[in-house]
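Heads up, the thing below is written out as structure tokens.
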Amino acid sequence: MNNLIVNLSYFIAAVLFIYGLKQMASPNNARSGIQWAGAGMVLATVITFINPAIHGNYILMILGIGIGGGIAWYTGKRVAMTDMPQMIALYNGMGGGAAAAIAAVELLKRHELPFSVQLLAVLGALIGSVAFSGSLIAFAKLQGIKAFSGVIRFKNQQMVNAALFGLTVLLGLVIAFSGTEYSLFTLFIFFLLALIFGVMMTLPIGGADMPVVISLYNALTGLAVGFEGYVLGNPAMMIAGIVVGSAGTLLTQLMAKAMNRPISNVLFSQFGGSTGEAQ
Amino acid sequence: MDGFTALYIFMLAAFTGYEVISKVPVILHTPLMSGSNFVHGIVLVGAMVALGQADTGTEMFIGFIAVLLAAGNAVGGYVVTERMLGMFKTSQKGASKA
């Protein structure tokens, strides 16, 4: 019975998310859109407490929601309108981190998983970690934290980044293909490299280009959430995540286009030192 | 879940996301980014399940971090989007609510 109520609630939440986003896409009823989506989120969260898949740690759950939600509520309400973009980056990074952490919990258990589940767990972990650390750097840049502001470049940067990315993917594949045989050390290094790659990828991008980059990380977090939804067998997460992944990708392209730059220029700074040095 | 069922869900969701965003005016880009940022806050549900199934101390710790971060994503995403869209409406109609 509980299972039925839970699944029905998740279904309603998924409907509300899509309806809310659709509303937000038209100027006149944009505000009611976020409220519908918000109602869906509250429903899904509250009903999860009676989800039969959960068998404990309720206190920690409430504590986590209270602390995380409380801090976010406080900062979100107080931040100046002009500082909104970096707050979006911060909250988005938290979502990516959460998706990666879910993957970490599942992979730490090293239980027998179907191959497709294990592969998507690893993929979601990679994407989520990159979105997490990348978004934090984007936040730091827009916040004007000195160490990260401006365009940070060094020799052979793209080669180093490509090598780093290749190594991370390789480790991910090793984990995905080795059933329950991978070592926890491999897992640790995999997560570490993915986090470092997110930082390295964002460092060379200037402050003026950040909105496009944040939008990209938003789409990536969506993908990661969708993949982890598959791992946990939760269709609401799959739908919401992939809808955001695809909507975010299109939005990233539209934003880059509005700036008259192809997205590859933003990411790989093909104009050399001339791009995005507004800060 | 059957892998192919998942593939169909992914495919349909991807087209849905694309359709929802296409033809949106430039002024709505940032609010929509924020709104979609809120929507993937549904990761909170997954984080709660992951924590609820955690057994060892390490799993519990990481699961707790997941819930903490996910709650920040959902709540922060909502507050920021709401404020942004509220301002949007004000500038449209000249109403007084901030």
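The values are calculated or read from the model by the stated rules, or taken from the named source; none is laboratory data. Computed from a predicted structure; not experimentally measured. Methodologically, a virtual Cβ is constructed for each residue, glycine included, from the backbone with ideal geometry; neighbour enumeration extends over all protein chains shown. For the accessible areas, the whole protein counts, side chains as well, though only heavy atoms, and no ligand, DNA or RNA atoms are used. Shrake-Rupley method; radii C 1.70, N 1.55, O 1.52, S 1.80 Å.
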Item to check | Test for A:ILE54: is it part of a helix (DSSP H, G or I) and surrounded by fewer than 20 Cβ atoms within 10 Å (Cβ to Cβ) | outcome: no
Checklist entry - Of the residues A:ALA25, A:ALA39, which single one is within 22 Å of the chain's Cα centre (by Cα), open to solvent by less than 40 Å² (accessible area, probe 1.4 Å) and either aromatic (Phe, Trp, Tyr) or farther than 18 Å from B:ALA54 by Cα (or both)? => result A:ALA25
Checklist entry - Quick check: anything in segment A:219-227 modelled with pLDDT under 95, part of a helix (DSSP H, G or I) and under 27 Å from B:MET11 (Cα atoms)? => result no
Item to check | Tally, over segment B:5-29, of residues that are more than 7 Å from chain A (Cβ to nearest Cβ) and either within 27 Å of B:GLY86 (Cβ to Cβ) or among the aliphatic types (A, V, I, L, M) (or both) | outcome: 6
Next on the checklist: For segment A:173-187, give me each residue that is assigned to a loop (DSSP other than H, G, I, E, B), open to solvent by less than 40 Å² (accessible area, probe 1.4 Å) and farther than 12 Å from A:SER116 by Cα.
Outcome noted: A:SER178, A:TYR182
Next on the checklist: Looking at segment B:68-78 only, could you name the residues that are open to solvent by less than 50 Å² (accessible area, probe 1.4 Å) and within 18 Å of B:VAL39 (Cβ to Cβ)?
Outcome noted: B:LEU69, B:ALA70, B:ALA71, B:GLY72, B:ASN73, B:ALA74, B:VAL75, B:GLY76, B:GLY77
Checklist entry - Going by the structure shown, is B:THR58 open to solvent by 50 Å² or more (accessible area, probe 1.4 Å) and either facing chain A (nearest Cβ under 7 Å) or without any contact (Cβ under 8 Å) to a residue 24 or more places away in the chain (or both)? => result yes
Checklist entry - Residues A:ALA140, A:ALA131, A:ALA147, A:ALA101: which one is open to solvent by less than 40 Å² (accessible area, probe 1.4 Å), over 20 Å from B:GLY41 (Cβ atoms) and among the small types (Gly, Ala, Ser)? => result A:ALA140
